[in-house]
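Worksheet: the structure to be examined is printed underneath.
The values are calculated or read from the model by the stated rules, or taken from the named source; none is laboratory data. From a predicted model like this one, the values you see are computed outputs, not experimental measurements. Ideal geometry is used to build each Cβ from the backbone, glycine not excepted, and the neighbour counts take in all protein chains shown. Only protein heavy atoms, including side chains, enter the accessible area calculation; ligands, DNA and RNA are left aside. Shrake-Rupley method; radii C 1.70, N 1.55, O 1.52, S 1.80 Å.
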Amino acid sequence: MTAANTSISLFLADDAATTRLGEDLALALKAGDCVALSGDLGAGKSSLARALLRAMADDADLDVPSPTFTLVQSYELRIPVSHFDLYRLGDPSELAELGFDEAPQTGICLVEWPEMAESELPKERIDLKLEHEGEGRRATITAPAKQFARIQRVLAIRAFLDANGYAKAERRFLTGDASLRAYESIYPHDGGSQVILMDWPRLPEGPPVLDGKPYPKVAHLAEDAYPFVAIANELRKNGFAAPDIFAVDYEQGILLIEDLGTDGVLDDEGRPIAERYRASVACLAHLHGLTIPRDIPVTSDHIHHVLDFDRTAMKMEARLLIDWHLPWKRGTPASDEERADYLAIWDSLIDQLHGAEKSLLLRDFHSPNIIWQAKEKGIRRIGLIDFQDAMIGPTAYDLASIVQDARVTIERPLHDRLMADYLALRHAQGNFDETSFLKSWAIMSAQRNCKLAGLWVRLLQRDGKPGYLKHMPRTLAYLAIAFEHEALAPLRDWCAKAGIGEA
């Protein structure tokens with residue numbers, strides 16, 4: 001171990017506390033981590049490993065046999081785990097024969113009795129020592145800075161739960177967001193209703209991308225929990241099914257919120273359920289008929305100001321197409337002339353949004369963020385989440401988001417049905433300019449799909465996430481629908497000349 005490592009010491013009063021530590025560690029570990037569990041016989045190494053594995057599997061009855069005789073037991077879980085017991089290891093060199101070198105490449109290694117092969121273990125590891133202390137035991141955790149920060153985070157969340165009425169609660173991984181947020185399912189010790197924990201740590205600003213500002217500031221992405229709480233409260237006040245907020249630590253970025261369930265708007269094959277999409281569009285039409293304040297009180301000393309979806313943010317997102325998609329598509333970057341023409345087209349299109357209807361736009365109103373509330377009626381059938389980046393902008397943007405769902409193929413008949421539903425509902429509200437709205441819809445559809453066409457490539461090339469590329473044909477097909485509006489003729493012609501949109 002190196003001098004840069006950091007340690008923490010925890011008193012575990014009983015077996016239940018040891019189990020909770022194992023559950024907490026299951027949320028902190030990532031592929032590539034090696035955890036060396038040391039301690040005398042009966043100190044709790046196997047108990048902690050068993051709790052960690054069962055939490056990772058989300059299965060309280062998972063069979064976790066001791067690897068004392070087999071030396072290694074492997075588990076194909078959310079993250080693969082290899083559980084080693086080296087007590088009977090004859091020689092440290094035998095570790096390689098057990099597949100130890102390969103295990104951390106794709107998963108996590110738990111190693112009991114690490115002292116039997118100290119020379120073969122990685123230097124960058126997590127050491128966890130258990131010792132008897134009175135009626136309980138003492139856990140000392142030593143780890144490199146990066147791993148230690150993760151462990152500190154899960155322990156801070158445990159302290160938050162203890163302080164907010166959820167002492168001894170069970171924690172399970174729920175999902176990781178494409179952004180910086182992660183979510184846990186929290187099961188109260190007393191058998192109460194499950195809630196959701198949002199783990200949203202503040203991070204240092206990234207590199208500047210425009211005018212000396214990092215991407216989140218230019219794109220007006222929420223950087224703390226205040227916007228989420230503000231928009232959730234405002235939506236609920238207006239009768240929408242947004243999650244209730246039970247507890248918040250704004251400084252640490254930890255929230256306990258209502259669990260709206262897991263039922264979405266897609267069938268078991270991942271296809272859109274027309275009734276639920278139509279209900280979603282009706283919910284959106286209702287929202288767009290309301291006047292939502294720009295300044296929303298959150299706490300006694302904090303007011304959230306909803307920012308504008310302005311020209312800078314729109315153009316920076318649209319630039320993803322020319323910065324990432326175009327070079328990927330044809331193998332050469334955009335010329336200076338192509339870039340100038342493309343950005344000039346977007347300046348003109350954004351100018352044409354000057355008179356467009358503007359109100360609160362949720363920004364990511366599509367299938368991953370809609371929870372179907374089967375027992376509710378009207379707009380409350382649509383559970384709303386992931387609205388922390390909401391802005392004031394053309395309402396047509398959110399309609400484009402759902403009618404042209406980025407992750408689901410909305411066939412043209414359903415697409416047209418949803419558009420017709422929305423327009424009819426808005427006309428029923430009175431004073432609705434359909435011609436102006438459809439123009440802004442086409443512009444916002446094009447803006448969103450240009451952004452996505454570049455984003456899928458950036459996720460592939462910069463972030464090593466090729467799975468998103470499967471959405472590309474759908475995104476380009478949606479862009480072609482936007483091009484049907486005469487206002488998009490200049491962009492359509494530019495893309496045709498650049499070879500974008502072709503099979």
Can you give the convex hull volume of the alpha carbon atoms of the stretch 421-503 per residue, in Å³? 111
Using the Kirkwood formula over every pair of different C-alpha atoms, what hydrodynamic radius in Å results for the stretch 1-152? 15.4
From the phi angles alone, apply the Karplus equation (6.51, -1.76, 1.60; θ = phi - 60°) to the stretch 452-466 and give each ³J(HN,Hα) in whole Hz, x where the residue is Gly or Pro. 5, 4, x, 5, 4, 6, 4, 4, 5, 7, 8, 9, x, 10, x
Below 19 Å, Cα to Cα, which lysines can residue 217 reach? Residues fewer than 8 away in the same chain don't count. 315, 451
Ordering 30, 315 from largest to smallest accessible area (1.4 angstrom probe), what's the sequence? 30, 315
Compactness relative to 2.2 N^0.38 Å, alpha carbon Rg of the chain: 1.12
Hey, got the Cα dimensions of the stretch 266-364 along the principal axes, in Å, largest first? 49, 44, 29
If I take every Cα pair under 8 Å that is 6 or more residues apart in the chain, average their sequence separation and divide by the length, what percent do I get for the relative contact order? 12
Could you tell me the center-to-center distance, by alpha carbons, between the stretch 113-158 and the stretch 335-411 in angstrom? 46
Helix 226-237 axis, angle to the chain major axis (alpha carbon atoms, nearest 10°): 60
Please give the contour-minus-distance gain from residue 138 to residue 238: 0.36 nm per residue of separation, less the Cα-Cα distance, rounded to one decimal in nm. 30.9 nm
Can you give the translational diffusion coefficient of the stretch 92-192 in µm²/s, computed by Stokes-Einstein from the Kirkwood radius over Cα pairs at 4 °C and 1.567 mPa s? 77
Net dipole in debye of the stretch 1-87 [+1 Lys, Arg Cβ; -1 Asp, Glu Cβ; about Cα centre; nearest 20]: 240
Per residue, what volume in Å³ does the Cα convex hull of the stretch 134-268 take up? 187
Portion, in percent, of the accessible area of the chain that falls on carbon or sulfur, probe 1.4 Å: 50
Trypsin sites (Lys or Arg not before Pro) within the stretch 415-503: DSSP coil, no more than 14 neighbouring Cβ in 10 Å: 462
Could you give the semi-axes, largest first, of the ellipsoid that matches the stretch 329-483, computed as the square roots of 5 times the alpha carbon gyration tensor eigenvalues and rounded to whole Å? 28, 21, 14
Relative to the chain, whose Cα atoms define the longest principal axis, helix 145-163 and its Cα axis are tilted in degrees, nearest 10, by 80
Which of the three applies to the stretch 196-255, rounded, prolate or oblate, going by the alpha-carbon gyration tensor with a ≥ b ≥ c and a/c under 1.5 meaning rounded? oblate
P(r) weight above 16 Å for the stretch 10-84, C-alpha pairs, percent: 48
In Å, the Kirkwood estimate of hydrodynamic radius for the stretch 325-399 over Cα pairs equals 15.7
Rounded to the nearest whole number, the Stokes-Einstein translational diffusion coefficient of the stretch 239-288 at 4 °C and 1.567 mPa s (Kirkwood radius, C-alpha pairs) in µm²/s is 96
Convert each backbone phi in the stretch 29-43 into a coupling constant with the Karplus relation 6.51 cos²θ - 1.76 cosθ + 1.60 (shift: θ = phi - 60°), then list the ³J(HN,Hα) values in order as whole Hz, x for Gly and Pro. 7, 10, 4, x, 6, 10, 10, 9, 9, 10, x, 5, 4, x, 6
Computed from every Cα-Cα pair in the stretch 363-437, P(r) in 10 Å bins starting at 0 and rounded to whole percents is 16, 44, 38, 2
Neighbour cut-off at most 10 other Cβ (10 Å), DSSP loop, GluC sites (Glu not before Pro), the stretch 87-139: 135
What does the charge count around residue 429 come to, taking other residues whose C-beta lies under 14 Å from its C-beta (Lys +1, Arg +1, Asp -1, Glu -1)? -3
Could you provide, to the nearest whole Å², the per residue accessible area of the chain with probe 1.4 Å? 45
Given an 8 Å cut-off on Cα distances and at least 6 residues of separation, report the relative contact order of the stretch 145-249 as a percent. 13
With angles folded into 0 to 90 degrees, how steeply does helix 412-429 sit against the dominant principal axis of the chain? Use alpha carbons for both and round to 10. 70
Between residue 101 and residue 344, what length comes free when the chain is fully extended (0.36 nm per residue of separation minus the Cα-Cα distance, one decimal in nm)? 82.0 nm
With a cap of 10 neighbouring Cβ atoms within 10 Å, and only residues DSSP puts in a loop, list the trypsin sites (Lys or Arg not before Pro) found in the stretch 339-409. 375, 377
